[in-house]
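The values are calculated or read from the model by the stated rules, or taken from the named source; none is laboratory data. None of these values were measured; they are calculated from a predicted model. FYI the Cβ positions are ideal-geometry reconstructions off the backbone, even for glycines, and counts take in every protein chain you see.
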Amino acid sequence: MTNNPTIQELSHEDRSFPPPADFAAAANAQAVEYEKAAADRIGYWEEQAQRISWETPFDTVLDWSDRPFAKWFVGGRLNAAYNCVDRHVENGLGDRVAYYFEGESGDTRTITYSDLLREVSKAANALTELGVKTGDRVAIYMPMIPETVFAMLACARLGAPHTVIFGGFSASAIADRVKDCGVEFVITADGGYRKGKPSALKSVVDEAMEDCPEVRNVLVVRRTGQDVDWNDDRDLWWHEVVDRQPEIHTPEAFDSEHPLYIMYSSGTTGKPKGIMHTTGGYLVGTSFTHWAVFDIKPDKDVFWTAADIGWVTGHSYIVYGPLANGATSVLYEGTPDTPHRGRWWEIVQKYKVSILYCAPTAIRSFMKWGRDIPAQYDLSSLRLLGSVGEPINPEAWMWYREHIGGNRCPVVDTWWQTENGSILISPLPGVTETKPGSAMRPLPGIVADVFDDEGNSVEPGNGGYLVVKEPWPSMLRTLWGDEERFKKTYWSQYPEVYFAGDGAKIDRDGDFWVLGRVDDVLNVSGHRMSTAEIESALVAHPKVAEAAVVGAKDEMTGQAIEAFVILRESADDGGDDVVNDLRSHVRSSIGPIATPRSIMIVPDLPKTRSGKIMRRLLKDVAENREVGDVTTLADSSVMDLIQKGMKES
Ligand code: WTA
């Protein structure tokens, strides 16, 4: 990995930015947090667990005897929804705004904690009436509207783990998840507003349900009012069932290790993994990091995670972390350029957003659109900026700091994964002197490192594999229904150490630079996808004999999907029609985010003598580099043919 060009680029970074003095003085997390956690890590987490209200206190902080299956806050009982909603109302904060909802077309709703309590209670009563019980899994396929949060918290209230499926996924992606998770109850909406028009969701669920006979009910929120097909035996309107429910619901406390949710994420094989999070540790991790990394002052800040609730970032930093802390958040339904490219900055100005958290892809789009756009808005309410989802290049970091943060807001580049549940590596905004492009240090209580192939810590400046050496409260507990895969994916490279699947280096100051995936997982605009998943969608097409997918560097999206396809002999010889056909086939099998940037029809694929596709060589082609060592290929002329084809097309 030391030859990785990215490492060379990064090693020249010598700019650094200390926190402004006034920010540092008032910051939630001071340097002493590192000292406390280093002196007594378990005691530190015990202290953090006091952020949460326990119906029954836990007796053991961590049980790591059955590793890699961790148990946190053992013996404790709690309800996640109670922690996110009821207790704030009981503490007299019922009038505090939980969400400023902004629809894409400009419709708004203000939801206080009292409103949230009422809506979540009604939804929980409705689910109970419809037979949803503790332990049942509920799938949620929704736009970014308040009912999505109500639905999640209603599930949490009943101890029915939710599995939220990103609204951009296709019918077959829904069906796969519903079946893998044994879901019998689905919550969706007629549609949502995206890019200026109503998008359809219910019709996608209808299609998925053809393959999911075990689903009893589909509860449908009316958002756009578009026409929908209706199955009287199965479908129910949210407003008809939920609105008539009692506004009081008593939450039951569940074991700290009771499953809270399952979130599917791409792995290195075609089948997505059901990453399972439990209740106590997850809430401790999200509320602690929301306090420490985002410096949240719940009575003053307006916090905005501009991500989708369908991804883990939305779960942890739109829903559970901010609500556990009693914070006020913005919930925005739509895209950054609808109806105009100043939409986000208009929202920051309107709600006086003080903390903004988003992905580098968005920042790079804003850079492309130009600094004049944010300059037209009053962004002086901002005091802290965060980035997540993919490596942020130093230019984008600097642009974010200067043109959005007015050179006064600390920028926190936060590294974590769906599996981690909450941020693991990040600056503390009032403590850390940040460097553009570095996620800096493991948070207090987190023990991360970079290992070489043998499992030794790399020398400063050298690249290796990012690992976490001690368990942490919000870690995934298993993969739904597949303990073997859980052990193999994360715990088999090095004994008792969590293998993240990311490459990283630690510089001479001890700061971490995350370089991206080292496996066959792609990161396109912060969305994770596996090459295998896209390949299997391609080969499912009748015209395709074989396919190989690689991620190529892309200025806007971080990585872009490049597919190399061998057609069946019966198919016509390529041409635009086949390519367009295949692109739309991938869109409809997985979703628009999986659409390849380009598809190249090739006569053959580069394979080793044992038949393994050498994606590294295809990546060289896709990134316009000189093709690397071809000596292990079964047929070394293949690469010449592919490159020749590339030049001709
Ligand atoms: C990447 C999103 C560099 C990484 C919360 C990881 C990052 C994957 C960063 C997880 C960052 C996330 N710098 N890379 N700050 N944050 N990643 O599960 O490759 O959707 O493994 O979780 O995104 O993506 P996931």
Q | Residues satisfying the stated conditions in the stretch 62-102, i.e. under 28 Å from LYS300 (Cβ atoms) and among the small types (Gly, Ala, Ser) | A | ALA80, ALA81, GLY92, GLY94, ALA98
Q | Subset of the stretch 460-497 [part of a strand (DSSP E or B) and in contact (Cβ under 8 Å) with a residue 40 or more places away in the chain] | A | GLY463, GLY464, TYR465, LEU466, VAL468, THR478, LEU479
Q.
Restricting to the stretch 564-613, give me the number of residues that are among the charged types (D, E, K, R), in contact with a strand residue (DSSP E or B) (Cβ under 7 Å, 6 or more places away or on another chain) and farther than 22 Å from VAL524 by Cα.
A. 3
Q) Does LYS505 satisfy being closer than 18 Å to PRO436 by Cα and modelled with pLDDT of 90 or more? A) yes
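Is at least one residue of the stretch 483-501 among the β-branched types (Val, Ile, Thr), within 11 Å of the ligand (Cβ to nearest atom) and farther than 30 Å from SER570 by Cα?
Looking through the stretch 483-501, none of the residues is among the β-branched types (Val, Ile, Thr), within 11 Å of the ligand (Cβ to nearest atom) and farther than 30 Å from SER570 by Cα.
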**Q.** Identity of the residue in the stretch 611-626, surrounded by fewer than 19 Cβ atoms within 10 Å (Cβ to Cβ), at negative phi and not in a helix (DSSP H, G or I), that ends up modelled with the highest pLDDT
**A.** GLU623
Q. Of the residues that sit in the stretch 87-120 and are among the polar types (S, T, N, Q) and within 27 Å of the chain's Cα centre (by Cα), which one is farthest from ILE318 (Cα to Cα)?
A. SER105
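Criterion first (within 30 Å of SER536 (Cβ to Cβ), in contact with an Asp or Glu (Cβ under 6 Å, 6 or more places away or on another chain), buried (at least 17 other Cβ atoms within 10 Å of the Cβ) and β-branched (Val, Ile, Thr)) does VAL164 satisfy it?
no
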Q: Determine if the stretch 283-301 includes at least one residue that is within 16 Å of the ligand (Cβ to nearest atom), in contact (Cβ under 8 Å) with a residue 60 or more places away in the chain and among the charged types (D, E, K, R).
A: no
Q | Contacts under 8 angstrom Cβ, first residue in the stretch 508-522 being β-branched (Val, Ile, Thr), partner within 10 Å of the ligand (Cβ to nearest atom) and part of a loop (DSSP other than H, G, I, E, B), 6 or more apart | A | VAL514/PRO391; VAL514/ALA439; VAL521/SER266
(Q) Against the condition surrounded by fewer than 19 Cβ atoms within 10 Å (Cβ to Cβ), touching a residue at least 60 places away in the same chain (Cβ under 8 Å) and of a type in the set (Lys, Arg), how does ARG597 come out, does it pass? (A) no
Q | Residue in the stretch 635-645 that is more than 21 Å from ASP554 (Cβ to Cβ), touching a strand residue (DSSP E or B) at 6+ places or on another chain (Cβ under 6 Å) and of a type outside the set (Lys, Arg) present | A | no
**Q.** Residue in the stretch 252-271 that is nearest to the ligand (Cβ to nearest atom), counting only those that are at pLDDT below 95, outside any strand (DSSP E or B) and touching a Lys or Arg at 6+ places or on another chain (Cβ under 7 Å)
**A.** SER266
Q | Enumeration of residues in the stretch 383-409 that are more than 15 Å from the ligand (Cβ to nearest atom), of a type outside the set (A, V, I, L, M, F, W, C) and part of a loop (DSSP other than H, G, I, E, B) | A | ARG383, GLY405, GLY406, ASN407, ARG408
Q.
For the structure I just gave you, tell me whether LYS505 is in contact (Cβ under 8 Å) with a residue 60 or more places away in the chain and more than 16 Å from the ligand (Cβ to nearest atom).
A. no
Q) If we scan the stretch 250-264, do we find a residue that is within 15 Å of TRP472 (Cβ to Cβ) and of a type outside the set (Asp, Glu)? A) yes
(Q) Here is a list: ILE590, ILE561, ILE601. Which entry is touching a helix residue (DSSP H, G or I) at 6+ places or on another chain (Cβ under 9 Å) and modelled with pLDDT of 95 or more? (A) ILE561
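Rundown of residues vs (1) among the β-branched types (Val, Ile, Thr); (2) under 27 Å from TYR351 (Cα atoms); (3) free of Cβ contacts under 8 Å to residues at least 40 places away in the same chain, yes/no style:
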| residue | (1), (2), (3) |
| --- | --- |
| GLY389 | no, yes, no |
| ILE392 | yes, yes, no |
| ARG401 | no, yes, no |
| PRO429 | no, yes, no |
| ARG441 | no, no, no |
Q) If you check every pair at least six apart or on different chains, which have Cβ atoms under 8 Å apart with a residue in the stretch 49-74 that is over 13 Å from VAL284 (Cα atoms) first and a residue that is in a loop (DSSP other than H, G, I, E, B) and among the basic types (Lys, Arg) second? A) PHE69/ARG477; ALA70/ARG477
(Q) What's the total number of residues in the stretch 53-69 that are in contact with a Gly (Cβ under 8 Å, 6 or more places away or on another chain), part of a loop (DSSP other than H, G, I, E, B) and of a type outside the set (Asp, Glu)? (A) 3
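Can you work out which of the residues in the stretch 96-119 that are among the β-branched types (Val, Ile, Thr) and without any contact (Cβ under 8 Å) to a residue 40 or more places away in the chain is farthest from ILE248 (Cα to Cα)?
THR108
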Q: Mind listing whichever residues of the stretch 512-545 are more than 22 Å from the chain's Cα centre (by Cα), in a strand (DSSP E or B) and either within 16 Å of the ligand (Cβ to nearest atom) or modelled with pLDDT of 90 or more (or both)?
A: VAL544
Q: State all residues of the stretch 460-470 that are crowded, with 21+ Cβ neighbours inside 10 Å and closer than 30 Å to GLY280 by Cβ; if no residue qualifies, say none.
A: TYR465, LEU466, VAL467, VAL468
Q. Would it be correct to say that LYS352 is surrounded by fewer than 24 Cβ atoms within 10 Å (Cβ to Cβ), closer than 22 Å to ASP308 by Cα and at pLDDT 95 or above?
A. yes
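Among the candidates PHE169, PHE185, single out the residue that is buried (at least 20 other Cβ atoms within 10 Å of the Cβ), among the hydrophobic types (A, V, I, L, M, F, W, C) and at pLDDT 95 or above.
PHE185
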(Q) I'm told THR557 meets every condition in (1) closer than 23 Å to GLY267 by Cβ; (2) away from the ligand (no atom under 16 Å from the Cβ) except one. Can you identify the failing condition by its number? (A) (2)
Q. How many of the residues making up the stretch 420-459 are away from the ligand (no atom under 15 Å from the Cβ), crowded, with 22+ Cβ neighbours inside 10 Å and either assigned to a strand (DSSP E or B) or of a type in the set (Lys, Arg) (or both)?
A. 0
Q: From VAL521, VAL539, VAL550, grab the single residue that is β-branched (Val, Ile, Thr), buried (at least 23 other Cβ atoms within 10 Å of the Cβ) and farther than 18 Å from ASN456 by Cα.
A: VAL550
